[in-house]
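One structure is given here, and the rest of the page talks about it.
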Amino acid sequence: MRALTVLRTGPQALVEDLGRPGNAHLGVPPSGALDAPALRLANRLVGNAESAAGVEALLGGLAVRAEASCTVAVTGPAVDVLRSGRYVGSHVPVHLGAGDVLEIGVPARGLRCYLACSGGVAVEPELGSRSADLLSGIGPAPLRAGDVLPLGERAGLPVGVDVLVAPGVPDELVVPVLLGPRDDWFDDAAGQLAAGAWTVSDRSNRVGMRLTGSPLERTPTRRGAELPSEGLVTGAVQVPASGEPVIFLADHPTTGGYPVIGVVPPAALPSLGQARPGTPVRLTPADAS
């Protein structure tokens, strides 16, 4: 049987692929890996299609046992990876024989590691994806010790390189924001964003990155005003009554009732998935062109 048995999960381990976009009309968020480039890379290293499902491990700590011969790779931030007690490293394809145990350490920087295995994690898809969605409850539940993850058939050959350096995690997160659709609810929205200073809150999760710091002030005519619920996209920067922004991530609700001052473009989202609580954040108004 081609499978991995979960021995230890760390703080949180989830099955994720590239998500289920296009279901907002059903009230279902896109979900999927928060650091999609890291998952894509892990899949390429083991010979999978980039869209194959793997495991997203929050702060590492994951340990799995191979029940059959397979190839695995761990990506995301640099992290120690052991095969049956021997160091093998991250960002390289690693062969596991039946009974071998793969352990992922705790990264010194960054937040989420990704484990891909040849054939991909082959749990049953829901709405076209195998991703766990913590908000709606669609997809597989968070992993627990003893879970057995079936693997699909090998699709291609592992692809290795001599040296593949793990991406760095910046000391400060500089996040571009495209203004709108409700930037007119705020006094000099661009100026407030450019002048503000925030840190990542420890209440952040896959639903949204909460920021603590400079409150964003509404215009006098909008203070205390209500806004009917309207659609939200991944990257929407919503401003609740406290004035402290929330950047919605992959498991975000599909509607919301607070004004959205702007939207973080898709290319900037993966770095948000790796930002630890306490990381300084600057929001910079960006040109849509």
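Quick check: is even one residue across the stretch 65-80 farther than 28 Å from residue 170 by Cα and modelled with pLDDT under 95? No, the conditions are met nowhere in the stretch 65-80. The set of residues in the stretch 239-253 being more than 22 Å from residue 38 (Cα to Cα) and either crowded, with 22+ Cβ neighbours inside 10 Å or under 17 Å from the mean Cα position of the chain (by Cα) (or both) consists of 239, 245, 246, 253. Mind listing whichever residues of the stretch 219-253 are touching a helix residue (DSSP H, G or I) at 6+ places or on another chain (Cβ under 7 Å) and without any contact (Cβ under 8 Å) to a residue 40 or more places away in the chain? 219, 222, 235 - these are the residues of the stretch 219-253 that are touching a helix residue (DSSP H, G or I) at 6+ places or on another chain (Cβ under 7 Å) and without any contact (Cβ under 8 Å) to a residue 40 or more places away in the chain. Just to verify a result, which residue in the stretch 18-41, among those that are of a type outside the set (A, V, I, L, M) and over 11 Å from residue 133 (Cα atoms), is surrounded by the fewest Cβ atoms within 10 Å (Cβ to Cβ)? Applying the filter and picking the extreme gives 25.
Hey, could you check the stretch 88-130 for residues that are in a strand (DSSP E or B) and hydroxyl-bearing (Ser, Thr, Tyr) and say which is nearest to the chain's Cα centre (by Cα)? If we take residues in the stretch 88-130 being in a strand (DSSP E or B) and hydroxyl-bearing (Ser, Thr, Tyr), then 114 is nearest to the chain's Cα centre (by Cα).
Scanning the stretch 255-289 for residues that are crowded, with 19+ Cβ neighbours inside 10 Å, under 17 Å from the mean Cα position of the chain (by Cα) and assigned to a loop (DSSP other than H, G, I, E, B) returns 264, 273, 274, 275, 279. When 38, 68, 57 are screened for being in a strand (DSSP E or B) and either farther than 11 Å from residue 17 by Cα or touching a residue at least 24 places away in the same chain (Cβ under 8 Å) (or both), only 57 passes.
Only residues that are touching a strand residue (DSSP E or B) at 6+ places or on another chain (Cβ under 7 Å) and either farther than 21 Å from residue 99 by Cβ or surrounded by fewer than 19 Cβ atoms within 10 Å (Cβ to Cβ) (or both) were counted across the stretch 133-143, and they come to 4.
Only strands (runs of 3 or more DSSP E) wholly contained in the stretch 150-226 count here; list those with 1 or more residues that are among the small types (Gly, Ala, Ser) and under 29 Å from residue 253 (Cβ atoms).
Passing ranges, in order: 208-213.
Might you let me know whether the stretch 31-42 holds any residue that is over 14 Å from the mean Cα position of the chain (by Cα) and of a type in the set (Ser, Thr, Tyr)? Checked the stretch 31-42: no residue is over 14 Å from the mean Cα position of the chain (by Cα) and of a type in the set (Ser, Thr, Tyr).
The values are calculated or read from the model by the stated rules, or taken from the named source; none is laboratory data. Values in this document were obtained by computation on a predicted structure and should not be read as measured data. Note that we place each Cβ from the backbone using ideal geometry, even for glycine, and neighbour counts take in every protein chain shown.
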